[in-house]
């Protein structure tokens with residue numbers, strides 16, 4: 001068991017509040033919940049009782065908390081050493097991010113807390129509305145790339161990290177025949193016009209989900225290709241067609257459109273982080289290490 005996980009358990013056992021514990025640990029609640037669940041699975045014992053009013057320690061959890069009390073100081077010392085090591089690093093991290101992932105809450109939370117935690121490291125964040133082509137991974141202007149694209153056959157200097165897998169949503173215009181459905185199957189899109197942004201990204205989710213829609217409707221769908229997601233959402237708002245988007249892009253929509261969950265699990269979106277270690281940027285390396293340890297592949301989110 002990792003010392004960090006035990007420390008997270010001890011903090012939660014003292015606060016008995018996921019929100020407060022997550023803030024103390026510079027984690028999101030979903031990540032802390034995942035870590036505690038992994039710890040319970042590893043120990044094969046339930047440590048907390050979860051209710052609508054909060055959490056309480058089980059007998060096993062209370063015993064572990066008491067036995068592990070003296071480890072808190074050791075954990076704090078280790079954390080302080082790591083923090084001091086990070087403070088000695090100065091430099092700049094240049095990040096490129098697709099517009100969809102810029103609305104992913106855990107990326108926002110991590111970047112904000114990293115900047116707060118390491119004030120000597122400057123983080124430059126550039127949002128890409130026209131997609132994140134594979135060439136961007138090798139662009140010397142960027143150390144880190146956040147993208148929904150799953151690129152194969154990566155060069156040895158490019159590290160890939162899967163953050164999370166999301167379900168997809170279909171965006172509908174007012175008066176659409178499927179508005180009454182909270183779950184929409186791809187086969188029900190037969191005869192529709194699909195607005196497809198970034199269709200040229202062969203390893204991107206929009207092109208893949210368009211091919212899936214063609215398969216499930218036996219090719220009985222039309223396509224309008226547009227350069228980016230905001231354009232696709234605008235086309236939907238004026239009734240030109242419908243679009244399939246990720247969960248984290250819902251914040252880009254407005255009150256003129258409606259959203260329903262896609263029922264097919266194969267229709268999905270990924271969150272990837274790519275790190276180019278060729279430049280040997282210590283600040284970027286620290287960012288990557290901290291991010292990967294914090295978000296060691298979040299659970300599938302279908303919400």
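The values are calculated or read from the model by the stated rules, or taken from the named source; none is laboratory data. As the structure is a prediction and not an experimental result, all values here were calculated from the model. Because the Cβ atoms are built from the backbone with ideal geometry, glycine has one as well, and the counts that use them run over all protein chains shown.
Values for this structure:
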{"read-out": "Residue in the stretch 151-171 that is crowded, with 22+ Cβ neighbours inside 10 Å, without any contact (Cβ under 8 Å) to a residue 40 or more places away in the chain and not assigned by TED's automatic domain parsing to the domain that holds residue 126 present", "value": "no"}
{"read-out": "Residue among 233, 211 that alone is surrounded by 18 or more Cβ atoms within 10 Å (Cβ to Cβ), outside the structural domain of residue 107 (by TED's automatic domain parsing) and closer than 26 Å to residue 132 by Cβ", "value": "233"}
{"read-out": "Answer from 281, 264 - the residue that is surrounded by 17 or more Cβ atoms within 10 Å (Cβ to Cβ), modelled with pLDDT of 85 or more, farther than 21 Å from residue 175 by Cα and more than 21 Å from the chain's Cα centre (by Cα)", "value": "281"}
